[in-house]
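Asks: Below: one structure in structure tokens.
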């Protein structure tokens with residue numbers, strides 16, 4: 001009888017553990033932009049994105065940016081974004097930066113593994129791809 005009870009307890013704990021939300025898998029991670037709308041950044045330009053427990057931020061095509069975010073399942077809400085206002089000179093940086101900000105504001109969900117972070121828009125299209133920043 002004790003063996004049967006032990007098996008039931010193990011089964012119950014497994015079911016409960018599988019049903020629990022995965023939590024915030026973005027917290028304390030850092031990423032480098034691989035592509036935006038399937039286009040890679042120009043050579044020599046490094047765009048990054050980092051997450052703390054409840055804020056995000058990084059360096060865009062020439063300005064620093066940041067804001068708050070919330071995760072619920074695979075839903076990602078990024079808001080209250082702020083950005084420095086330095087002049088972007090050369091390599092189309094000003095247009096790329098404006099496009100990046102617009103795309104970030106359209107993100108609704110995310111998917112990630114050890115090798116890649118994918119941010120998706122409301123049409124479920126991957127709009128931003130990042131690799132871990134080492």
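The values are calculated or read from the model by the stated rules, or taken from the named source; none is laboratory data. These numbers were taken from a predicted model, which means no experiment stands behind them. Virtual Cβ from ideal backbone geometry, glycine too; neighbours counted across all protein chains shown.
Asks: Out of curiosity, is residue 47 in contact with a helix residue (DSSP H, G or I) (Cβ under 9 Å, 6 or more places away or on another chain) and more than 12 Å from residue 26 (Cα to Cα)?
Replies: Details: in contact with a helix residue (DSSP H, G or I) (Cβ under 9 Å, 6 or more places away or on another chain): yes; more than 12 Å from residue 26 (Cα to Cα): yes.
Criteria met by residue 47.
Asks: Which pairs turn up if I take residues in segment 82-93 that are closer than 28 Å to residue 55 by Cα and look for partners that are modelled with pLDDT of 90 or more and loosely packed, with under 11 Cβ neighbours inside 10 Å with beta carbon separation below 9 Å, at least 6 apart in sequence or on another chain?
Replies: none
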